[in-house]
Amino acid sequence: MTTNTPASPTPRNTPGHPLLTTPFTARTDARAVIEGVDLAGRRALVTGGASGLGAETVRALAEAGAEVTVATRRPETGAPLLRELAAVDGAGPVRTAPLDLSDLASVDAFVRDWRGPLDILVANAGIMALPERTLTPQGWETQLATNHLGHFALATGLHPHLREAGSARIVVVSSGAHLSAPFDFDDPHFERRPYDPWAAYGQSKSAGVLLTVGARRWSADGITANALNPGYVLTNLQRHLDDDTMRAFGVMDDEGNVTPLPYYKTPAQGAATSVLLAASPLLEGVTGRYFEDNQEAPTVTDANPTGGVAAHAVDPEAADRLWEYAARTLRTS
């Protein structure tokens, strides 16, 4: 099986390193990227795992034998998925647990309740383009809180359990929207600059990539971390977009019918890169990289890039600065 052939040894996190390639394509689905991989005995956590990309990630990991926890704001929404997977021969056990990433108290409670090692953490949950600036109970801008600070608190809180696993992986679902929005260290919560839904979203997704670069400090603990762009997929992520915006994107007609464009992926295809990073032997020992369409993406510096990862999102100095900012923010909240 090609999925059981490890990547050739190449330097990690070094300038000009060879880009990692896989035999998969943009149309490969989540199950196919780990076909033949046995995850029995492995424990995974997928945030936002009750629907969309998260549910497809849960399906693939559980059907490969992993024990999966679906962390979601409303655990009852995961009931149909749990019933479905309980009927699959050989699937690992799946459970739901309450987690609201925008509320630090909820994250802290989740961390306190976790027991035992954690092999795979998929930071999948997210919100996109809130039309108005909203704040969390801690006073954080909600997109940054949910998409990054909440996941940072979760990952750092669960660090002892990731270390206990001996060879754990962190996967951060980012977005191509990060390309146009570096992290603004001077005003991350839009207290002084005008709030822009897409700038806030893009900044939060740049922060997610920087988290994986900053996590190199955990390499000695056997923990790797990588980020990805799942591509264009219609899911609940678009729930805050109005009809005019959906029509501008070309996915809604005049009657309000929503139809994906030809280059859009199915949720199972969109989740493939998440599952690849979470469980494929091809990613053994790989850390601090960014993937799209099941391939490592090049770093781009163009003014208007259409793909790849922005230099500002993989800058080690920015990653360390953001790590310290996030840690300080959590301590003072």
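The values are calculated or read from the model by the stated rules, or taken from the named source; none is laboratory data. Values in this document were obtained by computation on a predicted structure and should not be read as measured data. Positions of Cβ are generated from backbone atoms using ideal geometry, with glycine treated the same way; all protein chains shown enter the neighbour counts. These accessible areas exclude ligands, DNA and RNA; they are computed on the full protein's heavy atoms, side chains included. Shrake-Rupley method; radii C 1.70, N 1.55, O 1.52, S 1.80 Å.
Along the axis of the charge dipole computed for the chain (Cβ charges of +1 for Lys and Arg, -1 for Asp and Glu, origin at the Cα centre), the listed residues 288, 303, 32 are led at the positive end by 288. A crude spin-label estimate for the pair residue 133 and residue 86, with each label 7 Å from Cα along the Cβ direction, gives 4.7 nm.
Counting only protein heavy atoms and a 1.4 Å probe, tell me what percentage of the chain's accessible area is made up of carbon and sulfur. Spell out each step's value before the answer.
On the way: 7200 of 14110 Å².
Summing carbon and sulfur atoms, their accessible area is 51 percent of the total for the chain.
Counting only Cβ charges, +1 for Lys and Arg and -1 for Asp and Glu, the dipole size of segment 95-207 around its Cα centre is about 360 debye. Contact order, relative form, for the chain: 22 percent (alpha carbon pairs under 8 Å, 6 or more residues apart, mean separation divided by residue count). Using a cutoff of 8 angstrom between alpha carbon atoms and counting only pairs six or more residues apart, the relative contact order for segment 64-117 works out to 39 percent. Rounded is the label for the chain, because the ratio a/c of its alpha-carbon gyration tensor axes (a ≥ b ≥ c) stays below 1.5. The packing ranking, built from the mean of other Cβ atoms within 10 Å per residue, places the peptides 276-283, 101-108 in the order 276-283, 101-108, highest first.
Relative to the Cα centre, what is the charge dipole magnitude of the chain, using +1 at the beta carbon of each Lys and Arg, -1 at the beta carbon of each Asp and Glu, and rounding to the nearest 20 debye?
Working: 27 positive and 38 negative charges, 171 e Å.
Once rounded to the nearest 20, the dipole reads 820 debye.
Estimate the FRET efficiency between residue 302 and residue 217 by the formula 1/(1 + (r/R0)^6), using the beta-carbon distance for r and 25 Å for R0, to the nearest 0.05. After rounding, the FRET efficiency stands at 0.25. Inter-part distance, segment 176-215 to segment 259-333, computed on C-alpha centroids, equals 13 Å.
With each label modelled as a point 7 angstrom along the Cα→C-beta vector, the residue 38-residue 97 pair spans 2.6 nm. When the GluC sites (Glu not before Pro) in segment 265-333 are filtered for DSSP coil states and for at most 12 other beta-carbon atoms within 10 Å of their beta-carbon, the remaining sites are 284. From helices alone, the chain scores -8500 deg cm²/dmol at 222 nm; the rule is -39500 (n - 2.57) for each run of n ≥ 4 DSSP H residues, then divide by the residue total. Approximating the spin labels as points 7 Å out from Cα along Cα→Cβ, the residue 198-to-residue 105 distance works out to 3.7 nm.
Calculate how many DSSP beta bridges within the chain are antiparallel, expressed in % of all such bridges and rounded to the nearest 5. Please list the in-between numbers first.
Details: 4 of 33 bridges.
Antiparallel bridges: around 10 percent, rounded to the nearest 5.
Residues of segment 129-168 with backbone nitrogen within less than 20 Å of a virtual label 7 Å along the Cα-to-Cβ line of residue 321, please, listed as ranges. Backbone N within reach: 141, 144-145, 148-149, 152.
Leaving out ligands and nucleic acids, note down the accessible area per residue over the chain with a 1.4 angstrom probe, in whole Å². Kindly include the intermediate steps, with their values, before the conclusion.
Values: 14110 Å² over 333 residues.
Value returned for the chain: 42 Å² of accessible area per residue.
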